[in-house]
1. I'm told Thr76 meets every condition in (1) within 19 Å of the chain's Cα centre (by Cα); (2) without any contact (Cβ under 8 Å) to a residue 12 or more places away in the chain; (3) closer than 16 Å to Met140 by Cα except one. Can you identify the failing condition by its number?
2. With touching a helix residue (DSSP H, G or I) at 6+ places or on another chain (Cβ under 6 Å) and farther than 22 Å from Glu9 by Cβ as the only criterion, which of Ile145, Ile224, Ile116 stands out?
3. So if I check each of Phe65, Phe130, Phe73, which one is touching a Phe, Trp or Tyr at 6+ places or on another chain (Cβ under 6 Å) and on the phi < 0 side of the Ramachandran plot?
4. Has segment 121-133 got any residue that is closer than 27 Å to Phe65 by Cβ and among the polar types (S, T, N, Q)?
5. In segment 173-207, what residues are farther than 16 Å from Ala126 by Cα, touching a strand residue (DSSP E or B) at 6+ places or on another chain (Cβ under 6 Å) and charged (D, E, K, R)?
6. Between a first residue in segment 212-226 that is farther than 16 Å from Asn182 by Cα and a second residue that is among the hydroxyl-bearing types (Ser, Thr, Tyr) and surrounded by 10 or more Cβ atoms within 10 Å (Cβ to Cβ), which pairs have beta carbons less than 8 Å apart while being 6 or more apart in sequence or on different chains?
7. Identify the residue in segment 7-30 that is part of a strand (DSSP E or B) and under 19 Å from Gly191 (Cα atoms) and, among all such residues, is farthest from the chain's Cα centre (by Cα).
8. List the number of the failed condition for Pro113; all other conditions in (1) of a type outside the set (A, V, I, L, M, F, W, C); (2) more than 12 Å from the chain's Cα centre (by Cα); (3) within 20 Å of Asn134 (Cβ to Cβ) hold.
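The values are calculated or read from the model by the stated rules, or taken from the named source; none is laboratory data. For clarity, every value in this text was computed on a predicted model and none was experimentally measured. Every residue, glycine among them, receives a Cβ derived from its backbone with ideal geometry; neighbour counts consider all protein chains shown.
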Amino acid sequence: MSNYIVLSEKQWNADLPIKLQKVLLNDQFILINKKEDFVLDKLDKIQPKKIFIPHWSYIIPEHVFEKYECIVFHMTDLPYGRGGSPLQNLIKSGHSDTRISAIRVVKELDAGPIYIKGPLSLFGTAEEIFMRANDTISEMIIDIIKKKIEPKDQEGRITIFKRRTQKMSTLDGITDIKVFFNHVRMLDAEGYPKAFFENEHFKFEFSRASLKADKTIIADVRVIKK
């Protein structure tokens, strides 16, 4: 029996170890979802063969990825789209689909060798896309373990994405209805700053947007008194 860790603080990845356990009966999958639990002394007790990272908002310490094989799942067809906020940058750039790249963690961000890639549609809200990605990542992990896949160096032209800031969630200046819709849906997920605009007295946050055939949008709006 081998021990594997699934590292993610997001709710949509919470059932991933259970899915994997149902297929790989002779192995054990352990979820770590808190930063304070992802420390070397706790990892040493588990002795994971691999650490799979579907979604993690923190830097992986060098002393961890040098000792244990850490595999991160990045939502672009690497080396295209290295860097932060891949989902939002893809949608903003007009992509309707992408490939998830499973890469070994190295010192340089998103530059590690690639084990495998899996397809992913970018239809729906950010949270719906992340939930769909969870199924793809599950299949990729099973393949990596079953087929004992070894990573290969990245090839092709490198494109860098910049991490988005909270201020970039504003809807100010958007005049196209489809751009407005994409802006709302790409930020509609747990832990992401919602698309918003504000006036002197209120902040308006948008979620659950639906683009209708008559080119109007129906959405939920949360109004916050400033």
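1. Going through (1) within 19 Å of the chain's Cα centre (by Cα); (2) without any contact (Cβ under 8 Å) to a residue 12 or more places away in the chain; (3) closer than 16 Å to Met140 by Cα one by one, Thr76 breaks only (2).
2. Ile116 is the lone residue from the list that is touching a helix residue (DSSP H, G or I) at 6+ places or on another chain (Cβ under 6 Å) and farther than 22 Å from Glu9 by Cβ.
3. Residue meeting the stated conditions: Phe130.
4. No, segment 121-133 has no match at all.
5. Lys203
6. Final answer for the pair search is Arg222/Ser207.
7. Leu7
8. With respect to (1) of a type outside the set (A, V, I, L, M, F, W, C); (2) more than 12 Å from the chain's Cα centre (by Cα); (3) within 20 Å of Asn134 (Cβ to Cβ), Pro113 is out only on (3).
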